[in-house]
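Contents: one structure, followed by commentary.
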Amino acid sequence: MSEGTQGPPEALSSGADEVMVSLYEAHKKIYPRSVSGVFTNWRWGFVFLTQLVFYGLPWLEWGQRQAVLFDLGSRRFYIFGLVLYPQDFIYLTGLLVISALSLFLFTAVAGRLWCGFACPQTVYTEIFLWIERKVEGDRSARMRLDGRPWSIEKVVRKGSKHFLWLALALWTGFTFVGYFTPIKELGSEFVQMRVSSWEMFWTFFYGFATYGNAGFMREQVCKHMCPYARFQSAMFDKDTLIVTYDAERGEPRGARSRQADPRGLGLGACVGCSLCVQVCPTGIDIRNGLQYECIGCGACADVCDTVMDKMGYARGLVKYSTQNAISQHWSRSETWRHVLRPRVLVYAAILGAVTIAMTVSLALRPPFKVDVVRDRGALARIVAGGTIENVYRLQVMNATESTQHYTITVNGLPGLVVASDNAVTVDATQSRWVAVRVQAPYDAALPGSHAIRFEIELKDSPAHLTEKSVFLVPR
Ligand code: SF4
Ligand code: SF4
């Protein structure tokens, strides 16, 4: 894989015999040209879909509460009908495993699909670019505007753009915090200027991160900051679908009139218009081969297809294809047969298995949870009648939206009983600590530690949990 097109180091002469060589290339601002086509439509489809979900979800209600809320203060995560506790961390792990496997699978099949179509960096850059185009015009107008000295028109255009960018960025930050604080409350807190310092910090932090990343950093995030760009090549092979230039068909490139016969002129299909470079959000030339800066957005393929249409040539000089398909002239069906190779099928099988396991586990998840903690303040003791007593603290967590009633019993030693009230009620989505006194006859066991089990049953339901603990018999 080529490392892209880097300019030569700049040599700065600071004297007759002293030459200073800069190893850093000055950043060149990229002005992507607007483009339309199949891949652009897909990308905008993903922009709408992901942003509809992101901006819309916190406003959805589920009963009396926000449908999706990560309430860190009370340590509850609400996802529609699901009420998750920190003890449900395993599901977050499962979600991360599914995300990682999906990334492996999609990358093995079609390269940087995530980067080009659904990554927040791409999505927000696309939206910010759209605003920029609406305010400052397309590529050449923006370049002219930047090259002009400051004037009222330039101040108004630049000011309007930054105002719109900031408004969108702050709304994005507000929405982000709205996943952790009920968004309607957060809105009224902002209106009444009584928002907490943390909410204020995260709204502005996330907002300015969006403003900086999508407005200024853009392709530099993908090129220099994103770790995924660095290890993706390990998941590529010659049967991975990538945006690729058909050099055999395109070269030698050169300008010609529409009527001219390229073969007669000894030319390939590439007219050398450089539109594929002008639309590229990372500023690379796809004709130089696969480069790590390529995010697989397909913009160059779209624009090249419009050029091919104008010239009356077949589309697909730049297209999604595999290196093998291009070099061996495979048909589309042959290409797909090779794309669905064993590695892809293994990824898909593992992903399917993990997804099914996670779904089943979530569906069969008990409607409550219990943690048992031995009360360290009250060691085993002998109470009236020569009975041995141990005290435990049970945290009972109701993972549903209705009040639950439980019965606690204990077993593991002859005559072991719960001596305190064994009926517990916990309100909807709440958790409660309960002190439980457990007693056993003096001669039930030898001195030492003995394994016991708490059985917690949910009233009017087959659901019950068993939690292990130990019962101490003093000497
Ligand atoms: S857009 Fe197509 S025809 Fe124009 S330079 Fe790029 S590859 Fe060649
Ligand atoms: S080379 Fe093409 S696919 Fe790759 S980032 Fe540039 S425009 Fe997108």
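For this structure, a couple of remarks:
- Residue check, Gly296 modelled with pLDDT under 95 and in contact with a Gly (Cβ under 6 Å, 6 or more places away or on another chain): yes
- Any hit, segment 321-335, residues being within 14 Å of ligand 2 (Cβ to nearest atom) and surrounded by 19 or more Cβ atoms within 10 Å (Cβ to Cβ): yes
- The numbered conditions (1) polar (S, T, N, Q); (2) without any contact (Cβ under 8 Å) to a residue 12 or more places away in the chain; (3) more than 16 Å from ligand 1 (Cβ to nearest atom) are all true for Ser257 except (3).
- Filtered residues of segment 68-114 (kept if open to solvent by less than 20 Å² (accessible area, probe 1.4 Å), out of contact with any Leu (no Cβ under 8 Å at 6 or more places or on another chain) and within 23 Å of His338 (Cα to Cα)): Ala108, Arg112
- Of the numbered criteria (1) under 30 Å from Arg315 (Cα atoms); (2) buried (at least 19 other Cβ atoms within 10 Å of the Cβ); (3) of a type in the set (Phe, Trp, Tyr), the one Phe236 fails is (2).
- Residue in segment 349-357 that is away from ligand 1 (no atom under 16 Å from the Cβ), of a type outside the set (Lys, Arg) and under 30 Å from His405 (Cα atoms) present: yes
- Residues that are surrounded by 13 or more Cβ atoms within 10 Å (Cβ to Cβ) and more than 30 Å from Thr107 (Cβ to Cβ) occur at least once in segment 353-366.
- Within segment 284-304, residues that are within 18 Å of Ala314 (Cα to Cα) reach partners that are more than 9 Å from ligand 2 (Cβ to nearest atom) and of a type in the set (S, T, N, Q) with beta carbons closer than 8 Å, at six or more positions or on different chains, in the pairs Gly298/Thr40; Ala299/Thr40; Asp302/Ser36; Asp302/Thr40; Val303/Gln278.
- Selection status of Leu265, closer than 20 Å to Gly37 by Cβ and open to solvent by 30 Å² or more (accessible area, probe 1.4 Å): no
- The set of residues from segment 422-463 being under 21 Å from Tyr85 (Cα atoms) and without any contact (Cβ under 8 Å) to a residue 24 or more places away in the chain comprises just one member, Thr425.
- Any helices (runs of 4 or more DSSP H) falling wholly within segment 235-317 and containing at least 3 residues that are within 16 Å of ligand 2 (Cβ to nearest atom): 275-278, 299-311
- Where strands (runs of 3 or more DSSP E) sit wholly within segment 68-164, those with at least 2 residues that are at pLDDT 95 or above occupy 68-71.
- Failed condition for Ala399, given (1) in contact (Cβ under 8 Å) with a residue 60 or more places away in the chain; (2) out of contact with any Phe, Trp or Tyr (no Cβ under 9 Å at 6 or more places or on another chain): (2)
- Residues in segment 22-41 that are surrounded by 17 or more Cβ atoms within 10 Å (Cβ to Cβ) and not in a loop (DSSP other than H, G, I, E, B): Phe39, Thr40.
- Residue match in segment 244-252 (condition: open to solvent by 20 Å² or more (accessible area, probe 1.4 Å), more than 14 Å from ligand 1 (Cβ to nearest atom), under 30 Å from Tyr313 (Cβ atoms) and free of Cβ contacts under 8 Å to residues at least 40 places away in the same chain): no
The values are calculated or read from the model by the stated rules, or taken from the named source; none is laboratory data. Everything quoted here is computed from the prediction, not taken from an experiment. With ideal geometry, Cβ positions are generated from the backbone for all residues, glycine too; neighbour counts draw on all protein chains shown. To get the accessible areas, we keep the full protein, side chains included, count just its heavy atoms, and leave off ligands, DNA and RNA. Shrake-Rupley method; radii C 1.70, N 1.55, O 1.52, S 1.80 Å.
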